[in-house]
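The values are calculated or read from the model by the stated rules, or taken from the named source; none is laboratory data. Here the structure is a predicted model, which is why all the values come from computation and not from measurement. When we count neighbours, we look across all protein chains shown, and the Cβ atoms used for this are built from the backbone with ideal geometry, even at glycine.
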Amino acid sequence: MKNIILFADTGIDDAITIIYALQNPNINLLAIVAGYGNIDRNKTYRNTKYLLELADREDIPVIAGATRPLDGSDPTFFPDIHGVEGLGPIKPPIPEERFADQTNFSRLFQIIKEFSEDITIVNTGRLTSLAMAWYLSPSTMEKVKETYVMGGAFLVPGNATEVAEANFNADSLAANFVSQNVPDLTIIPLNVTREALITPFMAELINEQADTPLQELIFPILEFYYNAYQQLEPGIQGTPQHDLAALMAALQLEGLFHYERRYVKVQHEMGYANGLSIADFSPGSSDCFGTNCVKIATEIDYDLFASNVMEILTSS
Ligand code: BDR
Ligand code: CA
């Protein structure tokens, strides 16, 4: 059983990740930190609460994460991809303004201390809240066993810009800090998450077997996400589950990913290459060792991914 704290910006693929976590008997979801990203912070907070309410798991604390990047700039949101409310066509029946005054970050530190040395953090949103947690209480954060981050695009095109992936691009300062300072870090970049597709056929099978309010949400949000992706990448065979791939990596399923170890930097001086993830993959380069050496996923076993996703998302 893995004790997991998820840092999310609850849009569509984050929502699928939360649903998977709630359905998976091998995951003990301790808390969710909801920060700005795909949509604004109050909406990600509201969406997270809504999903937990549908699952009858309101015992899981939701922590209010960051509202903007570390450099103080205004965030850009992505309603075309995730919907105005962040869950495609779904409008949760709770006004997000209700969560405007949440200030419960210290709850996060309490939980980490309580489960000291036995906590895995999975970050599926911008890196701001995670960097802030390290700035606020490094001694508490050192008690985290391992950290998995969805972000970056190594030697492949980005999705936010020609070279940068969205989570790294939106707060490149935080992404650089995390990449260079968080120990036992694994990065699951676009290189592999682009291939982590839920096809329309899979989505229909999940829908046919859905018998809980949470499972019934999967099809409509994926259908919205699929249509959005058809505009972005015409002909793509399904919806890329960027965030779910990072959570699945944390479960260490045998053979799901192939990794290489490199030191990672993120271009954070703005300009054209803002958010570019940099690691040395030049001919003759090899795995690094030591504290700030990062495990980077470079290949995914798609059949294993698809069969595990179907098993968990259709389980009752
Ligand atoms: C990442 O950016 C967000 O839009 C997704 O939720 C995912 O975390 C993909 O680049
Ligand atoms: Ca996300």
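Quick rundown of the values:
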item	result
Single match in GLU260, GLU269 (criterion: modelled with pLDDT under 95, surrounded by fewer than 19 Cβ atoms within 10 Å (Cβ to Cβ) and over 30 Å from GLU53 (Cβ atoms))	GLU269
Count of region 3-42 residues which are more than 13 Å from ligand 1 (Cβ to nearest atom) and either free of Cβ contacts under 8 Å to residues at least 60 places away in the same chain or not aromatic (Phe, Trp, Tyr) (or both)	20
Residue, surrounded by the most Cβ atoms within 10 Å (Cβ to Cβ), within region 169-216, restricted to residues that are closer than 21 Å to TYR302 by Cβ and acidic (Asp, Glu)	GLU195
Filter result (in a loop (DSSP other than H, G, I, E, B) and either within 13 Å of ligand 2 (Cβ to nearest atom) or touching a Gly at 6+ places or on another chain (Cβ under 9 Å) (or both)) within region 1-21	ASP9, THR10, GLY11
Scan of region 103-143 for residues that are free of Cβ contacts under 8 Å to residues at least 60 places away in the same chain, crowded, with 17+ Cβ neighbours inside 10 Å, away from ligand 2 (no atom under 16 Å from the Cβ) and assigned to a loop (DSSP other than H, G, I, E, B), ordered by number	SER137
Unique residue being within 16 Å of ligand 1 (Cβ to nearest atom), without any contact (Cβ under 8 Å) to a residue 60 or more places away in the chain and not in a loop (DSSP other than H, G, I, E, B) when the list is VAL156, VAL149, VAL178	VAL178
Residue under evaluation SER316, criteria (1) farther than 30 Å from PRO213 by Cβ; (2) exposed (fewer than 11 other Cβ atoms within 10 Å of the Cβ), criterion not met	(1)
Residue within region 88-100 that is modelled with pLDDT of 95 or more, over 21 Å from VAL149 (Cβ atoms), of a type in the set (Val, Ile, Thr) and assigned to a loop (DSSP other than H, G, I, E, B) present	yes
